Protein chains: 2
Amino acid sequence: MNDTRTLRIALLGAGSVGSQVANLLLTQADEFAERAGARLELAGIAVRDVDAPRDVELPRELLTTDAKSLIEGSDIVIELMGGIEPARTHILTALNSGADVVTGNKALLATHGAEIFDTADQLGASVSYEAAVAGAIPIIRPLRDSLAGDRVQRVFGIVNGSTNFILDSMDRQGLSASEAQRIATELGYLEADPTLDLGGYDAAQKAAIIASLAFHTQVAIEDVHREGIENVTAGMIEGARRAGYTIKLLAVAERLQEEGGEAISVRVYPALISREHPLASVHGGNNAVYVSAAAAGDLMFYGAGAGGLQTASAVLGDVVSAARRHIAGGVGVGESARQSLPTAPIGRILTRYQVTLEVADEPGVLAKIANIVSEAGVSVATIEQTPSADAEGRAHIVIGTHRAREQALSDTVASLAASDVVERVVSVLRVEGE
Amino acid sequence: MNDTRTLRIALLGAGSVGSQVANLLLTQADEFAERAGARLELAGIAVRDVDAPRDVELPRELLTTDAKSLIEGSDIVIELMGGIEPARTHILTALNSGADVVTGNKALLATHGAEIFDTADQLGASVSYEAAVAGAIPIIRPLRDSLAGDRVQRVFGIVNGSTNFILDSMDRQGLSASEAQRIATELGYLEADPTLDLGGYDAAQKAAIIASLAFHTQVAIEDVHREGIENVTAGMIEGARRAGYTIKLLAVAERLQEEGGEAISVRVYPALISREHPLASVHGGNNAVYVSAAAAGDLMFYGAGAGGLQTASAVLGDVVSAARRHIAGGVGVGESARQSLPTAPIGRILTRYQVTLEVADEPGVLAKIANIVSEAGVSVATIEQTPSADAEGRAHIVIGTHRAREQALSDTVASLAASDVVERVVSVLRVEGE
């Protein structure tokens, strides 16, 4: 192609994803030129330390510590530094200088998304972020574009590969939580500080982004109810298995029809899911997202949730799309107009529960327990007593409820805990996907 | 929004998908206006007979038999008439009059895609066709955009809901092929003339579209090797089950590294797939597509493969995207530049096979058979003899091969058929997904 334009690409960050993106831009330049309709020239890579070790060897002359100069004069800026600052400032600089932005920064979008998208809209620029959620799996584009003519009712799925690896190892290999964490750390699934993953913070950021797109509203990270997997034990996983379930850290975003009008609920927590459900077969570090829409019905998207090379695929898909847009001219197509749907507190959600109690192993206990639950207005679906294995004569009672309001369930659990026949509330788990 | 523009939408066809599209455009106009940034005004619906019964009641004043007048002056034309003509002429008229086109017409795209896409490119207009493949499942946009920065190696999946319903009923309920077909017809899964589905023609059209996008090349319908499910019997399904497989009609598109350079293979046939494989769990009329890409790894997309309302979701996603583009200005972003990859004949594909033979039940037969196969250069993975259940003393031998070239396998089967110990070649099935 003789008349091919050249677009200048600035890359910010050369970590596990950034170095793969740089490498692919350099080695597959001809293919990208064909697909984008323009040569994508990697003008430079801004890093903190030009001498730091990289996953992939990169040409020394492309590395710079001067991100600002690199950004100015670029057509497309790829932000893969992570963190809030200076990423936020760089993205705003890029948009103001007329560049389109591609980012994988979920933390930034979950906290400063409104500012960034509004700026892009005003300037007619685009911000793409397929890499921010579920690695290589196309989920942003389907929600934003493919389902733009539909009404999404519910999105739920596994969006954190590290915790899925841990829970899957506990389930399939019978490991303890600490063993599974140790292996996950060795294999690079967990960062030095694992709190972001284990505590569900990473999944909550992704849930905020997904819910914002799915419901055309602005969901702040503070609106996401978040529970991590820190309290999930091998015993709970084993109990789940016996009952035909496995435990997954799920992100759930759904519309609620409330008396005062429509609301949404966005939450992340470890939940029971039937072993027959397709999400139960999502092993290792993989991710999968279920979308239920009014017209389309149920859709599922599955793939690698992380990994430098895999995530680079998502980044480069966005880069090629941004390049095509640049060539085609016209202003950027912004986020669809945002409604302002209220977020319902966790007490208002409706789901099923499984409550495990430790009780004195004596006659009449099961009936007493069943009474307490029914009196609280929660409908019991199953109740099972397992005789004690220990010397102290304690038994376990496992209660499965029908769909109930979380608030009613919490009240019930409080009544159970206060009852003289209950020694201890062992666990309370939500049951999803049914 | 006071400054909202209005875009005129022309709908061609009011069948099961078209009537749902019309209904949603009329009843959810406010939501579409918010998401598209423009009011989408349904200017008219071109039909052959304004008095024909419809799935959904439509305002009589919108119906017209004059498609040409309706198209002129429209901003977006939705073609859901099906068939080649007059659909082709209408789409070309629409593009020439400056409209963007949304279509679900796989037969047309598989045969006249090049003409239509070239016309759109020259005019700077867009042609969207998410609804043409796998109903509501977003697969076109992920292949065209999300994976534009990656290198797709292989796409394979279930893209015809009718045949999946039949095969699934045979597998799960033990029905005969004719019983399953009768039920599929009753439930509306099969047309009055079921050849298009049963013969694999519908799946082949979709495979051509998928392969063209995945490999950035032009695949004609004639390039697709096609076998239908007409010869799949209850006995074959039962035999597959005993061996841990199920039978699915698969569309496969893959790159082949050949001595003379790169080629592709695109084919549709009933194949064995392990019951452990996620595609084995795709039940009823659902579709699922697996994509393997160099960077992204394995991705899966799952959902409803057909249905008027479900497919309408895909159409309307395209309509909203086209509207956004219309508002944003700029020229349409055409199909990515097309390579011209040669299509390898079926004899050159590499896969595993399962061959079932009827043989005389006498000593030494199994060894003889194994010899014939080995001498032909095909490597045997498993070979099993089942004693005869009939009075005539015939046994079945089932041979599972390692990966072999189809040509070598065909030659082997010919040698087996000619051997004096083989009474009959019962079935030859490819094994996919391993």
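The values are calculated or read from the model by the stated rules, or taken from the named source; none is laboratory data. Since we're looking at a predicted model, the values are computed, not measured. Heads up, the Cβs are rebuilt from the backbone with ideal geometry, glycines too, and the neighbour counts pull from every protein chain shown. For accessibility, only protein heavy atoms count, side chains too; no ligands or nucleic acids. Shrake-Rupley method; radii C 1.70, N 1.55, O 1.52, S 1.80 Å.
Structural remarks
- Interatomic Cα distance distribution for the range A:225-308, bins of 10 angstrom, percent: 14, 39, 35, 11, 1
- Pairs of C-alpha atoms in chain A farther apart than 38 Å represent 29 percent of all such pairs.
- Shielding by partners, peptide B:322-328 (average Cβ within 10 angstrom, other chains): 4
- Counting Cβ atoms of other protein chains within 10 Å of each Cβ in A:148-161 and taking the mean gives 4.
- Packing order of peptides B:12-19, A:242-249, highest average first: B:12-19, A:242-249 (average count of other Cβ atoms within 10 Å over each peptide's residues).
- Derived scalar couplings between HN and Hα for the range B:297-307 equal x, 8, 10, 10, 10, 9, x, 6, x, 7, x Hz in order, rounded to whole Hz, by the Karplus curve 6.51 cos²θ - 1.76 cosθ + 1.60 (θ = phi - 60°), x for Gly and Pro.
- Average silhouette area of the range A:270-319, convex hull of alpha-carbon atoms, in square nanometres: 5.1 nm²
- Centroid-to-centroid separation of the range B:154-225 and the range A:214-287 [C-alpha atoms, Å]: 35 Å
- Taking the label point 7 Å along Cα→Cβ, A:Pro342 and its counterparts in the other copies are spaced 6.8 nm apart, in ascending order.
- With every protein chain in place, chain A: carbon and sulfur % of accessible area (1.4 Å): 47 percent
- Quotient of Cα Rg and 2.2 N^0.38 Å for the range B:340-379, N being how many residues it contains: 1.73
- If you look at the Cα atoms of the range B:137-229, you get an Rg and a Dmax of 15.5, 46 Å.
- Think of it as helices only: each DSSP H run of n ≥ 4 in chain A is worth -39500 (n - 2.57), and spread over all residues that comes to -10500 deg cm²/dmol at 222 nm.
- Its Cα gyration tensor gives the protein assembly as shown an equivalent ellipsoid. The semi-axes, each the square root of 5 times an eigenvalue, are 40, 40, 30 Å from largest down.
- Long-range amide H partners of A:Gly200 with built H, under 5 Å: A:Ile229
- Relative to the 2.2 N^0.38 Å rule of thumb, the range A:284-434 has a C-alpha radius of gyration ratio of 1.64.
- DSSP beta bridge pairing in the protein assembly as shown, given as percent antiparallel to the nearest 5: 70 percent
- The mean of 1/r over all pairs of different alpha-carbon atoms in the range B:60-197, once inverted, gives a Kirkwood hydrodynamic radius of 17.5 Å.
- Cross-link pairs beyond the 31 Å C-alpha cut-off, checked among A:Lys106/B:Lys248; A:Lys206/A:Lys368; B:Lys68/B:Lys248; A:Lys106/A:Lys248: A:Lys106/B:Lys248; A:Lys206/A:Lys368; B:Lys68/B:Lys248
- In this assembly of identical copies, the label point of B:Asn96 (Cα plus 7 Å along Cα-to-Cβ) is separated from its counterparts by 5.0 nm, sorted shortest first.
- Averaged over the residues of peptide A:301-314, the number of Cβ atoms from other protein chains lying within 10 Å of each residue's Cβ is 5.
- Between this copy and the others, label points of B:His283 are 2.2 nm apart in ascending order, each placed 7 angstrom from Cα in the Cβ direction.
- Put simply, chains B and A cover up around 4000 Å² of each other's accessible surface, both sides summed, when a 1.4 Å probe is used.
- In the range A:103-148, Rg over Rh equals 0.98, where Rg is the alpha-carbon radius of gyration and Rh the Kirkwood radius from pairwise Cα distances.
- Shape metrics for the range A:37-79, restricted to C-alpha atoms - Rg then Dmax, Å: 11.2, 34
- Alpha-carbon Rg with Dmax, taken over the range A:349-432, Å: 12.1, 40
- What the Kirkwood sum gives for the range A:1-100 is a hydrodynamic radius of 13.7 Å, with every pair of different alpha carbons counted.
- Convex hull volume of the C-alpha atoms in the range B:67-142, normalised per residue: 85 Å³.
- Calculated diffusion of the range B:140-304, Stokes-Einstein form, Kirkwood radius summed over Cα pairs, 4 °C and 1.567 mPa s, µm²/s: 80 µm²/s
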